[in-house]
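A.B. asks: Here it is, the structure in full.
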Amino acid sequence: MTQQPVFRFAPSPNGRLHLGHALSALLNDEMARRVGGAFLLRIEDIDQTRARPEFEAGIIEDLDWLGLTFPERPRRQSEHLPAYRNALDRLAAMGLVYPSTLSRAEIRAAVAAAETKTGQPWPRDPDGAPLYPGTERDFSTAARAEIVQADKPFSWRLDMARAIAATARPLTWLETGAGHAGETGVVTADPAAWGDVILSRSDAPSSYHLSVTVDDAEQGVTHVVRGRDLFHATSVHRLIQTLLGLPVPVYHHHRLILGPDGRKLSKSNGDTAIAAYREAGMEAQALRALVLGDQG
């Protein structure tokens, strides 16, 4: 029996949706309709320090105004913490995670010191952040236990080199959109470019990488349609999928809607929200036409 295609739109309730969100939601809906698939809504509220009920209500209001409907109630990440913990425990049982206490500021300081000493630039991940220097990666079992038991925040990091070695084969995915350099078709994943990524933190029981991969598998998502800014993150998701034996969706990374200064739109930067267009009198159909333009 052929599986019904399943698409999803997965915003975080930490601000109002903007035009970039509208593009992603509308593309998901259109592509799902084209193949007779289901379109699901997921609320990515794993970061409870930033998630707000009023923003979730605003998301529902905006999507309803755009004419988007969903066959199921939204999946909220905050309601599925045991699933993420189980995934983390499985990776831990494989010897692929370790505790780390270094903050971002401490990592930046360590990297700056290393660059000063060597005169060479420190490697950065695809988002431009310096890679974790591996300070705690080779700690003894006793030293790791001490970190976990101490009254100090820590994160669980993926030992990237061990994880890649455990897959024993090249990782790829089918891309029907395009990456930053126009990559399409079968794309080779490069999770090593991200270094030892965080999978869980004291203030967030699961990272984006871990929770989104688990969510897609649990919801039976067959097609992931999202912005091109997440193209490189797919490499990490393919690695986690392989380690945990999860199904692999087809990926479609679409163009971004940029602001006047050429940067991608962002809720945190206060870019114009969908609600502002509605309140200014724009009709939903006009906004749909505005953001869809040349699709993909």
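Values in this text are rule-based calculations from the coordinates and carry no lab data. The shown structure was predicted, so the numbers you read here are calculated from the model rather than taken from an experiment. Note that each Cβ is placed from the backbone with ideal geometry, even for glycine, and that neighbours are counted across all protein chains shown.
A.B. asks: What are the ³J(HN,Hα) couplings of region 149-159, residue after residue, when phi is run through the Karplus curve with 6.51, -1.76, 1.60 and θ = phi - 60°? Round to Hz, x for glycine and proline.
C.D. replies: 7, 6, 8, 8, x, 8, 10, 9, 10, 7, 6
A.B. asks: Now, a different point. For Asp203 and Ala114, what is the calculated FRET efficiency with R₀ set at 30 Å and r taken between the beta-carbons, to the nearest 0.05?
C.D. replies: The calculated FRET efficiency here is 0.65.
A.B. asks: FRET efficiency for Thr172 and Phe70, Cβ-Cβ distance as r, R0 = 41 Å, nearest 0.05?
C.D. replies: 0.85
A.B. asks: Once amide H atoms are placed 1.01 Å from N in the peptide plane, what residues at a sequence separation of 5 or more from Arg8, or on another chain, have their amide H within under 5 Å of its amide H?
C.D. replies: Placed amide hydrogens put Leu40, Val225 under 5 Å from Arg8.
A.B. asks: Name the trypsin sites (Lys or Arg not before Pro) in region 53-154 that are in a loop by DSSP and that have at most 14 other C-beta atoms within 10 Å, would you?
C.D. replies: none
A.B. asks: Right, another one. Could you give each residue of region 278-288 its phi-based ³J(HN,Hα) in whole Hz, using Karplus coefficients 6.51, -1.76, 1.60 with θ = phi - 60°, and x for Gly or Pro?
C.D. replies: 4, 5, 7, x, 5, 7, 4, 5, 5, 5, 4
A.B. asks: Distance from a point 7 Å along Cα→Cβ of Glu218 to each backbone N in region 88-105: keep the residues under 12 Å and list them by number.
C.D. replies: 88
A.B. asks: Continuing with this model, one more query. Mind checking the angle between helix 19-34 and the chain's longest principal axis? C-alpha axes, 0 to 90 degrees, to the nearest 10.
C.D. replies: Approximately 70 degrees, to the nearest ten.
A.B. asks: Check Arg157: other-chain or 5+ apart residues with amide H under 5 Å from its amide H, H built from backbone geometry?
C.D. replies: For Arg157, whose amide H was placed from the backbone, the distant partners under 5 Å are Tyr98, Ser100, Leu199.
A.B. asks: Moving on to the next point. According to a simple spin-label model (label point 7 Å from Cα along Cα-to-Cβ), what is the distance in nm between Arg50 and Asp151?
C.D. replies: 3.0 nm
A.B. asks: Follow-up. State the extension gain, in nm to one decimal, for the chain segment bounded by Ser140 and Arg288, taking 0.36 nm per residue of separation less the distance between their alpha-carbons.
C.D. replies: Taking Ser140 through Arg288 to full extension adds about 47.7 nm, to one decimal.
A.B. asks: Kindly express, to the nearest 10 degrees and within the range 0 to 90, the angle between helix 104-118's C-alpha long axis and the longest C-alpha principal axis of the chain.
C.D. replies: 60 degrees
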